[in-house]
Amino acid sequence: MELFKPFESQDKPVEQKTGTASEHVRVLIIGSGPAGYTAAIYAARANLNPVLYEGLQPGGQLTTTTEVDNFPGYPEGITGPEMMEDLKKQAQRFGTDVRFGMATAANLSKQPFSVTIDNEKEVLADALIIATGATAKYLGLESEDKFKGQGVSACATCDGFFYKGQDVAVVGGGDTACEEATYLAGICRKVYMIVRKPYLRASKAMQDRVANTKNIEVLFEHVTKEVVGDDNGVNGVLLENGKGEIVKKDITGFFLAIGHQPNSDIFKEFIETDEVGYIKTIPGTAKTNIEGVFACGDVQDKHYRQAVTAAGSGCMAALDAERYLGNRIF
C-alpha cells in the first residue's frame, strides 16, 4: 500500500509562510450541481467528511431552469433551484461542509492535491472530485439573457416538453443542433433551424434525418438579431437573412445548440482532456489519469448532459474516492 505523510486534523487551519491560510481535508468536491451534491451525499455517508465549494453559480445550470419534469422522484415536477436546494440540504444533513467559493488554481502534480479558492485560500485534499460542469455557449444578446428560463434554453431534452404543439427555433448547424431539432420535431408543431452558413456542418446521417423530417425548416444564411417577447416569455425571433433583410418568425421556444465549454481550464495542465476540454475518465469509472482525482457530471460528459446522469456519475465518483482512500494509510 502507498503511504502518505501524516497530516494534522482537517479542521485545523495551517498557517503558511506567506500568511495565507491553508487546510487539509480528506475529500474535496469542486462544483455544486447534481453531480457535486450527489458525490457529497455519498462521501458524507461514508464518513469521508467532504468539503464542497459551490462555485460562482451554486446549484449549477439547473438554477437557470424553471420546471424540471424528468428527474425521478418528483411526480409533479419541481423547479431547478428548488431541486438543487433539496440536494444541498441532503448533502448537509449527512455532514458535508458546503462553502461558497470558486476554485481559481490547482496543483495536481503531487499528493495531497492543492486547490486554491478565490485566489486566496489553499485547500489540500487526499482525494479530489471535480464536478465543475460545462457552460452552454450563448450568442451574447441582451434579449437572450433576459428570457433565459422563459423561452430561451440550451437543452431541448430538458425543456422541450414545455413547448409541445408549439413553434420553436434551434440555433446551430452541427450534429447537436440536428439532434435537438429532430427531438423537438417529435414534440412541437414546427421547428426552425437557424444556420449562419449556407450548409449544415453535421454528419451526412444527421443531415439526412433533418431533411426527412417534414416539420423542420432550415433557414440557411440567417443570423439571430434579437429574441422578442413579453412578460409571458418569448413570442418571436428577429433574423437577418443573406440579403440583409430582417425577418420575424413567431416562436415560443428558442434553443441554443452551438456547443458547451467544459469548466476544466485550471485542471488541464495535469488532467487528460479531449480537444474541447472535457475531462477524460476511464470507461465505467469516474477515475482520471491521476490516481486520486475523479471527475463527474458535465465536465466529463459531452453526450448526455442530464441531471440524472450527472447525479449517477457523482455517485460513481464518491464510491471510487472511498475505495481509493480505503486502500491507503494516512
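Quick notes on this structure:
- Links that overshoot a 23 Å alpha carbon limit, given the list LYS190/LYS302; LYS110/LYS280; LYS225/LYS249: LYS190/LYS302
- Charge dipole magnitude, Cβ of K and R +1, D and E -1 - the range 138-256, Cα centre, debye nearest 20: 400
- Each of THR104, THR63, THR132 has some number of other Cβ atoms within 10 Å of its Cβ, and from fewest to most they run THR104, THR63, THR132.
- Unit charges at the beta carbon, dipole of the chain: most positive-side option, SER313, LEU62, VAL223: SER313
- For the range 105-164, the dipole from Cβ point charges (+1 on Lys and Arg, -1 on Asp and Glu) about the Cα centre works out to 240 debye, to the nearest 20.
- Here's the picture: charge each Lys and Arg Cβ at +1 and each Asp and Glu Cβ at -1 in the range 138-256, and of GLY160, ASN235, TYR183 the one pushed furthest to the positive end of that dipole is TYR183.
- Ordered by the number of other Cβ atoms lying within 10 Å of each residue's own Cβ, fewest first, PHE162, PHE147, PHE100, PHE255 fall into the sequence PHE100, PHE162, PHE147, PHE255.
- Based on Cα atoms of the range 138-256, Rg over Rh with Rh as the Kirkwood radius reads 0.94.
- Isolated cysteines of the chain, defined as having no other cysteine beta carbon under 4.7 Å away, are CYS178, CYS188, CYS296, CYS315.
- Computed over the Cα atoms of the range 43-108, pair by distinct pair, the Kirkwood hydrodynamic radius stands at 13.3 angstrom.
- GNM result for the chain, Cα springs below 10 Å: residue of LEU52, LEU238, LEU128 fluctuating most strongly: LEU238
- For the options HIS260, HIS303, HIS24, a Gaussian network treatment of the chain with springs between C-alpha atoms closer than 10 Å singles out HIS303 as fluctuating the most.
- More than 23 angstrom apart: percent of Cα pairs within the range 225-330: 50
- Normalised contact order of the range 138-256, rounded percent, pairs of Cα under 8 Å and 6 or more residues apart: 30
- Length released on extending from THR285 to ASN119, taking residue separation times 0.36 nm less the Cα-Cα span: 56.7 nm
- Ranked list, fewest to most other Cβ atoms within 10 Å of each Cβ, for VAL228, VAL25, VAL299: VAL228, VAL25, VAL299
- DSSP-defined antiparallel bridges as percent of all bridges, the chain, nearest 5: 45
- Nearest-20 debye value, the chain charge dipole, Cβ charges on Lys, Arg, Asp, Glu: 580
Throughout, read-outs are computed from the coordinates displayed, never taken from laboratory work. If you're wondering where the values come from, they're calculated on a predicted model, not measured in any experiment. Don't worry about glycine lacking a Cβ; one is built from the backbone with ideal geometry, like all the others, and counts go over all protein chains shown.
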